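Undergrad: For reference, the structure I am asking about is given below.
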Amino acid sequence: MSLRFALLGLLAVEPASGYDLKRAINRSTYFIWNATGPQIYNTLHSLRGEGYIVSKSLAQTGKPDKQIHTITASGHAALKEFMSKPIRTSVTRDEVLLRIFFGNFASRNSIKREIKAYLERIGQERAFMERTEARVNAHPGRKHEARRFQLLALRIKVAQIRAMEQELVRFLASDEEPAAVEKAFEKTRSRNGRTGQA
């Protein structure tokens, strides 16, 4: 997958500006495929050059004109072709797991500190995703079929994070008093929102 198809997918839902697309990514596909503002604008430029989107200026009071991008028929065809191809295993580049893999080269205190910090961060991410799912379920909207697949992707990511949390807690418990680690994990879960409800 690449950013171009993430953007085409979002534009297939509704026309949007580059700013709108960045906001949509921040609250929807960020856990699958994230991007910076410049990456989004460069990709939109390429998509326009290929005829996959068209753009029109929308005048704004007291601000520069806003470019609204709309997917074209050839853009829909490209997206459909991408979605019809067999799923390939993506190349994984995960700096956190690489650092854990070579953890024996770090001091014991520093690697444990980093693992605990990572555990805290992914707990916050999981809680945010659980709140997102609760919010979508409370207000499903009119795009029911799209929501089904979006929530499936979200739940898969939440399940992956939960599995990582369990492994990290188990690892830390092997070095420390298990009860102390579990207590710290429970504290993190409580702070991040155990049920994920908004």
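The values are calculated or read from the model by the stated rules, or taken from the named source; none is laboratory data. None of these values were measured; they are calculated from a predicted model. Neighbour counts are summed over all protein chains in view; Cβ atoms, including those assigned to glycine, are modelled from backbone coordinates with ideal geometry.
Undergrad: Can you name the number of the only condition in (1) of a type in the set (S, T, N, Q); (2) in contact with a Pro (Cβ under 6 Å, 6 or more places away or on another chain); (3) in a helix (DSSP H, G or I) that residue 70 fails?
TA: For residue 70, the exception is condition (3).
Undergrad: For the stretch 26-47, state whether one or more residues are assigned to a helix (DSSP H, G or I) and within 20 Å of residue 146 (Cβ to Cβ). Don't jump to the end; show me each part of the working.
TA: Residues of the stretch 26-47 that are assigned to a helix (DSSP H, G or I), as a first pass: 26-27, 37-47.
From what's left, within 20 Å of residue 146 (Cβ to Cβ): 26-27.
Scanning the stretch 26-47 turns up at least one residue that is assigned to a helix (DSSP H, G or I) and within 20 Å of residue 146 (Cβ to Cβ).
Undergrad: May I ask you to verify whether residue 15 is farther than 21 Å from residue 73 by Cβ and at pLDDT 90 or above? Explain how you work it out, then say what you get.
TA: Details: farther than 21 Å from residue 73 by Cβ: no; at pLDDT 90 or above: yes.
Spelling it out, it is not the case that residue 15 is farther than 21 Å from residue 73 by Cβ and at pLDDT 90 or above.
Undergrad: Turning to a different aspect of this structure: Could you check, for the stretch 158-165, whether at least one of its residues is assigned to a helix (DSSP H, G or I), surrounded by fewer than 16 Cβ atoms within 10 Å (Cβ to Cβ), in contact (Cβ under 8 Å) with a residue 40 or more places away in the chain and not β-branched (Val, Ile, Thr)? Walk me through it before giving the result.
TA: First, the residues of the stretch 158-165 that are assigned to a helix (DSSP H, G or I): 158-165.
Cutting the leftovers down to surrounded by fewer than 16 Cβ atoms within 10 Å (Cβ to Cβ) gives us 159-160, 162-163.
From what is left, the residues that are in contact (Cβ under 8 Å) with a residue 40 or more places away in the chain are none.
No, the stretch 158-165 contains no residue that is assigned to a helix (DSSP H, G or I), surrounded by fewer than 16 Cβ atoms within 10 Å (Cβ to Cβ), in contact (Cβ under 8 Å) with a residue 40 or more places away in the chain and not β-branched (Val, Ile, Thr).
Undergrad: Next question. Answer yes or no: is there a residue in the stretch 77-96 that is assigned to a loop (DSSP other than H, G, I, E, B) and within 11 Å of residue 8 (Cβ to Cβ).
TA: Here is the first cut: in the stretch 77-96, the ones assigned to a loop (DSSP other than H, G, I, E, B) are 85-94.
Applying the additional criterion that residues be within 11 Å of residue 8 (Cβ to Cβ) yields none.
No - not one qualifying residue is present in the stretch 77-96.
Undergrad: If I ask for residues that are at pLDDT below 90 and in contact with a strand residue (DSSP E or B) (Cβ under 7 Å, 6 or more places away or on another chain), which ones from the stretch 59-94 would you list?
TA: Those that are at pLDDT below 90 and in contact with a strand residue (DSSP E or B) (Cβ under 7 Å, 6 or more places away or on another chain): 59, 60, 65.
Undergrad: Given the conditions (1) modelled with pLDDT of 95 or more; (2) assigned to a helix (DSSP H, G or I); (3) surrounded by fewer than 17 Cβ atoms within 10 Å (Cβ to Cβ), which single one is not true for residue 51?
TA: Going through (1) modelled with pLDDT of 95 or more; (2) assigned to a helix (DSSP H, G or I); (3) surrounded by fewer than 17 Cβ atoms within 10 Å (Cβ to Cβ) one by one, residue 51 breaks only (2).
Undergrad: Any residue in the stretch 20-28 that is at pLDDT 90 or above, in contact with a Ser or Thr (Cβ under 8 Å, 6 or more places away or on another chain) and not polar (S, T, N, Q)?
TA: No, the stretch 20-28 contains no residue that is at pLDDT 90 or above, in contact with a Ser or Thr (Cβ under 8 Å, 6 or more places away or on another chain) and not polar (S, T, N, Q).
Undergrad: From 130, 145, which residue is at pLDDT below 90, among the acidic types (Asp, Glu), part of a helix (DSSP H, G or I) and within 25 Å of residue 24 (Cα to Cα)? Walk me through how you get there before you give the answer.
TA: Details: 130 fails: at pLDDT below 90.
Result of the check over 130, 145: 145.
Undergrad: Output the number of residues of the stretch 102-116 satisfying the condition of being part of a helix (DSSP H, G or I) and either surrounded by fewer than 10 Cβ atoms within 10 Å (Cβ to Cβ) or among the basic types (Lys, Arg) (or both). If you could, list the steps in order and put the result at the bottom.
TA: The initial filter retains those residues of the stretch 102-116 that are part of a helix (DSSP H, G or I), namely 103-105, 108-116.
With either surrounded by fewer than 10 Cβ atoms within 10 Å (Cβ to Cβ) or among the basic types (Lys, Arg) (or both) added as a condition, the list becomes 104-105, 108-109, 112-113, 116.
Number satisfying all stated conditions: 7.
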